[in-house]
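Scroll down for the structure; my scribbles are underneath it.
The values are calculated or read from the model by the stated rules, or taken from the named source; none is laboratory data. This structure is a prediction, so every number in the text was calculated from the model and none was measured. All Cβ positions, glycine included, derive from the backbone under ideal geometry; neighbour counts span all protein chains shown.
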Amino acid sequence: MFLVESICVAWFTLEFLVRFFHAQSKLEFIQGPLNITDIAAILPYYVSLFLEFKDETVHDIVAGAGKSTLDKLGLILRVMRALRIMYVMKLARHSMGLQTLGLTMQRSVTDFGLLLLFICVAVALFSPLVHLAESELAPNAARTPQLMFSSIPASYWWSIISVTTVGYGDMVPRSIPGQVGALIIILAGILILSFPSTSIFHTFNRTYNELKEEHKRLWKEERGAELATGFVLQSIIALKQTMNGYQGLLIIGNGSGAAV
């Protein structure tokens, strides 16, 4: 796996350097989101390789500094290794689906902010209610380990998974008022999620159609350029053949005149 990864990173690095040296503006190239993703995907390999290569030196340096420094360096190395998953993001250059997803998220920032606001309001509203219902009407619930509605902040987790309709089941209201509140918050969560989802879906559909039309237009332009190039080459070949034919006729004509 190390050999395969090294070959892939070497190819990605060569590709990045070629695009960098051919870019008209180096600053704009570095500031591009996809190029930043490429750097984040390539850099961890070299950092982790350098740390592994200097492993003995690092041990010598931190020998007198204590174990905490060595643990921090080990944590940095593990984080750098985990960041290699950024290789997947390079597929966005060649996948219209990932490009559509990225553009949709970029264009729907307001909708996502509105969705987050709705969720925060619902969590702040229903967490005190379920805590009150479980602590006052079901006093034993706060002492039960699997329920843990002991405080309002502890009830935030239950409100979040209920509003988002996930429902892990690790926290369950036992009292009737708490169950009624759970029903209300689940129904409210369905409505909260449905309001911005419609706008996000239309944005995704519009973005996908735009990208599809753009890819189709580029394909037609490339196809037209190929056909034009082929037509020019065929015309040149036909012209050369015609000229060769004329030269052959002239040679034959001159030979006949000389014979006469």
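Computed values, structure above
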| quantity | calculated |
| --- | --- |
| Residue ID - farthest from the chain's Cα centre (by Cα), chosen from residues in segment 25-49 that are farther than 17 Å from Glu5 by Cα and β-branched (Val, Ile, Thr) | Ile30 |
| Residue in segment 159-174 that is at pLDDT below 90 and touching a Pro at 6+ places or on another chain (Cβ under 9 Å) present | no |
